[in-house]
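Trainee: Pasting in a structure now, in structure tokens, and then I'll have a few things to ask.
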């Protein structure tokens, strides 16, 4: 099936399943918040599902069937959905863990971290994919990236540390206007509760991140995981010894980067030059 047709089919399937969730919820006399509380998920998760912006995973479908007394209807719908390409296949496991993480530490040296990107900047990033993505594919990817960012605005957001190479502050992906918007967003994000932002400056004589970007996660049961992308795949690391090595690299990077106060000062100066 051609990419555009597949994307339209995916979007329609997600909207159909979302409509079913809304229909069954209303029939049960529940608000989105009440359903979220009974399913032990966030209200925005239910809202995203009903709007067709979030993929209903099998385990949540089973739970919602139990809460709504729908006799397996949602589970059956999910089982018969086409494969959803909202994320590259290799990234799906990481995205699942990211949404549940209580701590996230991310090092990026080329682009802004996905969790801190504006929609326009995300479009600019996806426009540089080779082979090119269709407009439908880009819309789905951008919506998925925006949805991921909701974890930063939860009542109980994860503790987040972001290290960003200064090179990402010098590129102008999309356009100067797109980048100016992104820079403002980055500065605002630096003040979010529980979030620390540091810039890795040019001109260093030592650098612990020469092997490329990576992300560290801590799960609610305190398991430590790591994730690193390559040009055509990724490495999802669960081995404690390997995660430990990346954690030590990240600790060294934090000592080599500008501290959070100096980072904010740098961003303020750059914004003053816009």
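Trainee: Restricted to segment 39-72, and to residues that are surrounded by fewer than 16 Cβ atoms within 10 Å (Cβ to Cβ) and over 23 Å from the mean Cα position of the chain (by Cα), which residue is nearest to residue 137 (Cα to Cα)?
Mentor: Ranking the qualifying residues of segment 39-72, first place goes to 62.
Trainee: Which of (1) assigned to a strand (DSSP E or B); (2) in contact with a helix residue (DSSP H, G or I) (Cβ under 8 Å, 6 or more places away or on another chain) is the odd one out, the single condition residue 267 does not satisfy?
Mentor: (1)
Trainee: Do the conditions hold for residue 183, that is, is it assigned by TED's automatic domain parsing to the domain that holds residue 262, over 30 Å from residue 49 (Cα atoms) and buried (at least 19 other Cβ atoms within 10 Å of the Cβ)?
Mentor: Values: assigned by TED's automatic domain parsing to the domain that holds residue 262: yes; over 30 Å from residue 49 (Cα atoms): yes; buried (at least 19 other Cβ atoms within 10 Å of the Cβ): yes.
Against the criterion (assigned by TED's automatic domain parsing to the domain that holds residue 262, over 30 Å from residue 49 (Cα atoms) and buried (at least 19 other Cβ atoms within 10 Å of the Cβ)), residue 183 qualifies.
Trainee: Sticking with this one: When you scan segment 1-109 for helices (runs of 4 or more DSSP H) that lie fully inside it, which ones turn up with 2 or more residues that are at pLDDT below 95, under 30 Å from residue 201 (Cβ atoms) and in contact with a strand residue (DSSP E or B) (Cβ under 8 Å, 6 or more places away or on another chain)?
Mentor: Passing ranges, in order: 92-100.
Trainee: Sticking with this one: Among the residues of segment 186-205, write down those that are closer than 26 Å to residue 248 by Cβ and either exposed (fewer than 15 other Cβ atoms within 10 Å of the Cβ) or at pLDDT below 95 (or both).
Mentor: 194, 202, 203, 204, 205
Trainee: Within segment 134-143, which residues are surrounded by 17 or more Cβ atoms within 10 Å (Cβ to Cβ) and either in contact (Cβ under 8 Å) with a residue 60 or more places away in the chain or within 14 Å of residue 104 (Cβ to Cβ) (or both)?
Mentor: 137, 140, 143 - these are the residues of segment 134-143 that are surrounded by 17 or more Cβ atoms within 10 Å (Cβ to Cβ) and either in contact (Cβ under 8 Å) with a residue 60 or more places away in the chain or within 14 Å of residue 104 (Cβ to Cβ) (or both).
Trainee: Further question: Go through segment 132-163 residue by residue and tally those that are farther than 25 Å from residue 101 by Cα and at pLDDT 90 or above. First the steps, then the outcome.
Mentor: Step one: of segment 132-163, the residues farther than 25 Å from residue 101 by Cα are 132-139.
In the following step, the residues that additionally are at pLDDT 90 or above were identified as 132.
So the answer is 1.
Yes/no matrix, rows are residues, columns are (1) outside the structural domain of residue 104 (by TED's automatic domain parsing); (2) surrounded by 12 or more Cβ atoms within 10 Å (Cβ to Cβ); (3) touching a helix residue (DSSP H, G or I) at 6+ places or on another chain (Cβ under 8 Å); (4) at negative phi:
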| site | (1), (2), (3), (4) |
| --- | --- |
| 207 | no, yes, yes, yes |
| 210 | no, no, no, yes |
| 224 | no, yes, yes, yes |
| 244 | no, yes, no, yes |
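The values are calculated or read from the model by the stated rules, or taken from the named source; none is laboratory data. Fair warning: this is a prediction, and the values are worked out from it, not measured in the lab. Cβ sites come from the backbone with ideal geometry, for glycine too, and all protein chains shown count toward neighbours.
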